[in-house]
Amino acid sequence: MQDIIAAAKADPGKLRWAHNRVGAAFMAMGQGFVTANDLSVVGVPFKGAKGLREALIANQVDFGVLNAGDRLRLGEDKFTVLSVIAADRGQVIDEELSTLKEEGIPFVEIPSPVGIFVPGGTSDEIKAALSAAMEGATSRDTFVEGMTKFFIPATYVNSADADAYVRQLQENIKEILPKLRK
């Protein structure tokens, strides 16, 4: 990652980075890295991860932002994952990888969380029962194993912490929003 930063600063506008279209989650994550390190790089959008992976494998772009599980699915001989754009070690499914935070590399954290939602007006009793069920389900070995099979970290976050998490995510997005509009 330090080499990418150094190369981008040594020759602004030369490095090409692949992402899955303007405004998409992986693009926002990559832009959080680019913005925090004040890099001048050329974004190359793709309609999805498949084209992005193919461009990386064919050496048509210099770096890209993908699901780290692609390394496990496709093998490190196809491409190398340098780091995980995350602060929390719990988001790393491949223990061989480090996070940008662990490496001391600045980034604006823009995770792509998946949550369980209920309609507005749902009673507190029902929400508490569903939360308890979700907490129990996410701690079961069979659930964790199933999620790991699909390279998805499985964690339970209670409603109060989820609200705080979403509020922080909104603030982080505001920081990079001007770059996402380009």
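A few comments on the model shown:
- With a Förster radius of 35 Å applied to the beta-carbon distance between Ala10 and Tyr165, the computed FRET efficiency rounds to 0.45.
- In nm, spacing of pseudo-spin labels at Lys78 and Gln60 (7 Å Cα→C-beta vector): 1.5 nm
- Förster radius 30 Å - calculated FRET efficiency between Glu135 and Lys174 (Cβ-Cβ, nearest 0.05): 0.45
- Scattering from region 2-110 was approximated by placing one identical point on each alpha carbon and applying the Debye formula without solvent; log10 I(q)/I(0) at 0.11, 0.19, 0.20 1/Å stands at -0.31, -1.01, -1.13.
- Whole-number D in µm² s⁻¹ for the chain, Kirkwood Cα-pair radius fed into Stokes-Einstein, 25 °C, 0.890 mPa s: 137 µm²/s
- Anchor Lys9: aspartates and glutamates whose Cα lies under 19 Å away (excluding residues fewer than 8 positions away in-chain): Asp38, Asp62, Glu103
- Computed [θ] at 222 nm, helices only, for the chain once each DSSP H run of length n ≥ 4 contributes -39500 (n - 2.57): -14000 deg cm²/dmol
- Estimated FRET transfer efficiency when R0 is 45 angstrom, pair Val44-Ile126 (beta carbons, to 0.05): 0.45
Throughout, read-outs are computed from the coordinates displayed, never taken from laboratory work. Everything numeric in this text was worked out from a predicted model, so none of it was measured. Cβ sites come from the backbone with ideal geometry, for glycine too, and all protein chains shown count toward neighbours.
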